[in-house]
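The values are calculated or read from the model by the stated rules, or taken from the named source; none is laboratory data. Please read these numbers as outputs of a predicted model, since none were measured by experiment. We place every Cβ from the backbone using ideal geometry, glycine too, and count neighbours over all the protein chains shown. The protein model used for the area step is the full one, side chains on, heavy atoms only, and it has no ligands, DNA or RNA in it. Shrake-Rupley method; radii C 1.70, N 1.55, O 1.52, S 1.80 Å.
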Amino acid sequence: MVKAAAALMRKIWRQIYRQIFRKNRTLTLPVPAHPRGQQSGAVLGTFEPPPESQRVLLDELTENILSRLPEEMDCRARGRRVMAKLRDLVGDLPASADHHHSSRFGLLQHSLEVALKMLEEFEKTLLPEAPPDVALFNTEADPLQTQYLYFLAGLGHDLGKLLDMDVWAGGERWSPLNQTYAEFLRQVKVEPVLEWNEKRVHGGHAQFSPWLLHYLLGPADIRFIGLERLPELMAALVGTHAANQPTPLARLVSTLDQQSVEQAAPDWMLKRPDSKVNQFIRALRDLISGGRLRVNSPGAPVYVTGYKAAVVVPRSLSAARGYLKEDKITLPSNHHLYDLLAQAEVVEADENGQCVKRIRVPGKRGPVELYALLFATNTIIPQAILPMLPTFTFEVVPEELTQAGALVHTGDEPPAIAGQPLG
């Protein structure tokens, strides 16, 4: 595994070198034939200031990050410089076309949120009562270097999204490989237009993030974390959206990235109340509030454990369809709805967009396995009823076990579980 990771890093750095030092530095990725998601960019030659509420949020995120970086070894000043470079690179661009952090400065906000969460997780490793599996690295490593590595992994995990965008201004196309967004705006001095590549692959941007990391890191940053740990950082960026994250650091970034996405989901849903995703979620919330979908009881269609909520399918889908039919609202087919939920990033999904998971819950005669969609708790459970819910624990069946089970049950007889997802 170590040799494979090292080979992958060498390949990535060769690609970066060719892009940076080639004679005619132009973007080599194909221009999409049918771009989508068009929206206005910044004003002439600079970034238009964000709305007051968002400016306050960005300032708070920045200050919270800096307060966690120590003064020793120039960590705080170095972190401030890196975040300033990030703002020059991504500017006021969004993190997605229609989903989480899709407003101006969305990519900057999301990157800062994940970086802050990474620093918070690092602090947990320093607690005396921290369990052994919390520590991701060799305890002999310099804690300041490790902390900075956490910070950089969170801050740079979505840089590749810049290569999912096409930004045009005055007939010129921005090449993120060749200049920052701030440099491009100063050069063109006209209002740009952003278009999302309709052929982009869900999670595919992760492989491009290391290509842009040189904008954030200077020689002093690399010397500080140590050249030998640079492959670890690159593997974390590339592996964040992989089906099986190759390193503990990649798994941590992936988890915290999803948390940031889930926290933004309610805000995104309010912006598009007429979407099929929002109509489905509204139905679930209304049915749960009215007691028509029970939660955390034997045989219930909804289970909540901590910040995750499991919605059993197709049972809950049928209930939502019936509820919305009263308002003459029709949901798409189950398959299509699953795709929409995964694309909206309001449910957990793998890199292929598969979001139906197998969960295990306690039953009267032992554990029972069900198919379910996994939401953030605050997405579907009204805040008012959370304190009244009985304590309940469900577990997600690991994917490898699910696949193994599928291999066993290849005949006409379905697996011995309590619910089928596509009914």
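If I go through the stretch 142-157 residue by residue, how many of them are assigned to a helix (DSSP H, G or I) and open to solvent by 20 Å² or more (accessible area, probe 1.4 Å)?
Going through the stretch 142-157 one residue at a time, the tally reaches 3.
Can you run down the residue pairs with Cβ atoms below 8 Å, 6 or more apart or on separate chains, where the first is in the stretch 221-242 and modelled with pLDDT of 90 or more and the partner is among the basic types (Lys, Arg) and open to solvent by 10 Å² or more (accessible area, probe 1.4 Å)?
Matching pairs, first to second residue: 221/78; 224/78.
From the set of residues in the stretch 167-191 that are part of a helix (DSSP H, G or I) and among the aliphatic types (A, V, I, L, M), which is farthest from residue 108 (Cα to Cα)?
Here the answer is 188.
For the stretch 280-319, name all the residues that are among the hydrophobic types (A, V, I, L, M, F, W, C), out of contact with any strand residue (DSSP E or B) (no Cβ under 6 Å at 6 or more places or on another chain) and farther than 13 Å from residue 382 by Cα.
Across the stretch 280-319, the qualifying residues are 280, 300, 317, 319.
Would you check which residues across the stretch 396-419 are open to solvent by 50 Å² or more (accessible area, probe 1.4 Å) and modelled with pLDDT of 85 or more and list them?
396
Considering only residues that are over 21 Å from the mean Cα position of the chain (by Cα) and open to solvent by 20 Å² or more (accessible area, probe 1.4 Å), which ones fall in the stretch 225-240?
227, 228, 229, 231
Go through the stretch 287-395 and tell me which helices (runs of 4 or more DSSP H), entirely inside it, have 2 or more residues that are touching a residue at least 12 places away in the same chain (Cβ under 8 Å) and open to solvent by 20 Å² or more (accessible area, probe 1.4 Å).
Output list reads 315-325, 334-344.
So, in the stretch 158-215, how many residues would count as being open to solvent by 30 Å² or more (accessible area, probe 1.4 Å), within 16 Å of residue 91 (Cα to Cα) and aromatic (Phe, Trp, Tyr)?
The total comes to 2.
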